[in-house]
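Engineer: Input: one structure, supplied below.
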Amino acid sequence: METQQYLTFHWNDLQYGIEAALVQEIFPLPEITPIAEASSDLIGILNLRGQIVPITHLDLLRVCPLKECTINDYLIIVQWEDLQIGIVANQANEVIELKKEAIEKELVDQLIIDIDPAFISGIVQGDTGHIVLLNPKTFIRQPDAILTLIWDAQSQLEGMAQSPIDEVERPLEQDVFQQEEEIPASKISSNFYDLYCPNATTEEREIFRQRADNLKPSVESSNVTSELMPLAVIGLGNEYFGLDLDLVREFTAIGNLTPIPCCPKHIVGNMNLRGEIVTLVDIRNILNLPTNPVSLGSQTVVVQVDDIVAGLPVDQVWEMVYLNEAEMTPLSGVFSELGEQYLRGTAFFQEKILKVLDLAKIFTQGELVVNEQA
């Protein structure tokens, strides 16, 4: 009996699903370069590590106003043939396996009255209601115009990388689309917040910007990134910790949790992450921090250290930063109560002390059994 895996996620009042094999990445929503007119297939573009990715909004598929985005939203990057597309979502849930015969196509017109059926590959009844299965091939209704837009933006990025810093101060959104006929420059808005996040606070706007900067370092910083250490800043209790971003695979919420009997107390259980079984490991004990209950919806950071893949439950994912290793303060014994032997050093972050974790030492010398069979 043929089955297929789908990643499920929410946007406002509907639950959606998309083929899990098409999903490339999931990360917190950054600031994007907007395209103001909702008649287009896109709300903006994102520079994702030097590649221009068009961003769509699920409300564009529906006959309804665009609902505002928040700091807690996520971006799901999917790959369709040679094109990457970003989809704004409230939260990615879990990967489910569906039998093809369970997917209804005749019910689309009856149940979903405000979405063009062309965007939908089917509907299935899930444990929490109907799941609308999306057809990513139909997300872009003007592919030639979008490909031209991406090509123009990509060309400018490559030119910026080859030009002196003082020649590329003009923002991407002010220049990149001047030659685009299908999507005129008048549709470009430089204010992501007025369009999509009108209630974002000053602090939240800074987080949005920092997320975008970390996905696309500025031209100036790109010249010195070899001297910087990229870190993901997480919160455990009232403390800030830094994780080597090179070891971080993704940030997600715990959508499913299977307890493992007869395991050490640091093993929370297993999580099915798009078909891959990931063990959740609570590192609070080894850092001498108070433990908090871990449950569905809790945030986790999926990391890989050599051949060990694990999810680290955290209280908060703050942002990604670049730290000059010269600015990191050597340890002096003052943090012994916080497992100092597992810290690489400390630095200042938002007027607080950021403790940089040594994940390799935690997993190899911290007596954490992760991949052992129960």
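Engineer: For LEU60, are the conditions met, namely being modelled with pLDDT of 85 or more and outside any loop (DSSP other than H, G, I, E, B)?
Structural biologist: Working: modelled with pLDDT of 85 or more: no; outside any loop (DSSP other than H, G, I, E, B): yes.
For LEU60, the condition - modelled with pLDDT of 85 or more and outside any loop (DSSP other than H, G, I, E, B) - is not met.
Engineer: Search segment 337-362 for residues being β-branched (Val, Ile, Thr) and part of a strand (DSSP E or B), and hand back the single one that is modelled with the highest pLDDT.
Structural biologist: Taking segment 337-362 and keeping what is β-branched (Val, Ile, Thr), we get 346, 353, 356, 362.
Narrowing further to those that are part of a strand (DSSP E or B): 346, 353, 356.
On the way: THR346: 86, ILE353: 84, VAL356: 90.
Ranking the qualifying residues of segment 337-362, first place goes to VAL356.
Engineer: Now, a different point. I need the full set of residues from segment 229-245 which are surrounded by fewer than 16 Cβ atoms within 10 Å (Cβ to Cβ) and in a strand (DSSP E or B), in order please.
Structural biologist: GLY235
Engineer: Looking for something open to solvent by less than 40 Å² (accessible area, probe 1.4 Å) and under 24 Å from PHE349 (Cβ atoms) - is there at least one such residue anywhere in segment 253-271?
Structural biologist: Checking segment 253-271: at least one residue is open to solvent by less than 40 Å² (accessible area, probe 1.4 Å) and under 24 Å from PHE349 (Cβ atoms).
Engineer: Let me ask something additional. Here's a check for you: in segment 271-291, which residue that is under 14 Å from VAL95 (Cα atoms) and part of a strand (DSSP E or B) is farthest from the chain's Cα centre (by Cα)?
Structural biologist: First, pick out the residues of segment 271-291 that are under 14 Å from VAL95 (Cα atoms): 271-278.
Adding the requirement that they be part of a strand (DSSP E or B) leaves 271-273, 276-278.
Numbers: MET271: 18, ASN272: 18, LEU273: 14, GLU276: 18, ILE277: 19, VAL278: 18 Å.
It comes out as ILE277.
Engineer: Only one of (1) at pLDDT 75 or above; (2) open to solvent by less than 60 Å² (accessible area, probe 1.4 Å) fails for THR329. Which number is that?
Structural biologist: Failed condition: (2).
Engineer: Give segment 68-86 a look and list any residue that's aromatic (Phe, Trp, Tyr) and open to solvent by 50 Å² or more (accessible area, probe 1.4 Å), or say none. Outline the logic, then answer.
Structural biologist: Step one: of segment 68-86, the residues aromatic (Phe, Trp, Tyr) are 74, 80.
If the condition is that a residue be aromatic (Phe, Trp, Tyr) and open to solvent by 50 Å² or more (accessible area, probe 1.4 Å), then TRP80 is the only one that fits.
Engineer: Of everything in segment 32-42, what is modelled with pLDDT under 85 and in contact with a helix residue (DSSP H, G or I) (Cβ under 8 Å, 6 or more places away or on another chain)? Give them in sequence order. Spell out how you get there, then give the answer.
Structural biologist: Initial filter on segment 32-42 (modelled with pLDDT under 85): 34-42.
Matches in segment 32-42: PRO34, ILE35, ALA36, GLU37, ALA38, SER40, ASP41, LEU42.
Engineer: I'd like the full set of residues that are modelled with pLDDT of 85 or more, among the hydrophobic types (A, V, I, L, M, F, W, C) and not in a loop (DSSP other than H, G, I, E, B), limited to segment 246-264.
Structural biologist: LEU247, VAL248
Engineer: Got at least one residue in segment 282-293 being closer than 18 Å to GLN304 by Cβ, open to solvent by 60 Å² or more (accessible area, probe 1.4 Å) and either polar (S, T, N, Q) or at pLDDT below 85 (or both)? So that I can check it myself, show each step before the final result.
Structural biologist: In the first step, residues of segment 282-293 are kept if they are closer than 18 Å to GLN304 by Cβ; the result is 282-283.
Now narrow it down to the ones that are open to solvent by 60 Å² or more (accessible area, probe 1.4 Å): none.
So far as segment 282-293 goes, no, none of its residues is closer than 18 Å to GLN304 by Cβ, open to solvent by 60 Å² or more (accessible area, probe 1.4 Å) and either polar (S, T, N, Q) or at pLDDT below 85 (or both).
Engineer: Oh, and also: Please find, within segment 309-326, the residue that is modelled with the lowest pLDDT out of those that are buried (at least 17 other Cβ atoms within 10 Å of the Cβ) and aliphatic (A, V, I, L, M).
Structural biologist: Looking at the filtered set, the residue picked out is MET320.
The values are calculated or read from the model by the stated rules, or taken from the named source; none is laboratory data. Quick caveat: nothing in here was measured; it's all calculated off a predicted structure. Reconstructed Cβ throughout: ideal geometry from the backbone, glycine too, with neighbour counts over all protein chains shown. With ligands, DNA and RNA removed, areas are computed over all heavy atoms of the protein, side chains included. Shrake-Rupley method; radii C 1.70, N 1.55, O 1.52, S 1.80 Å.
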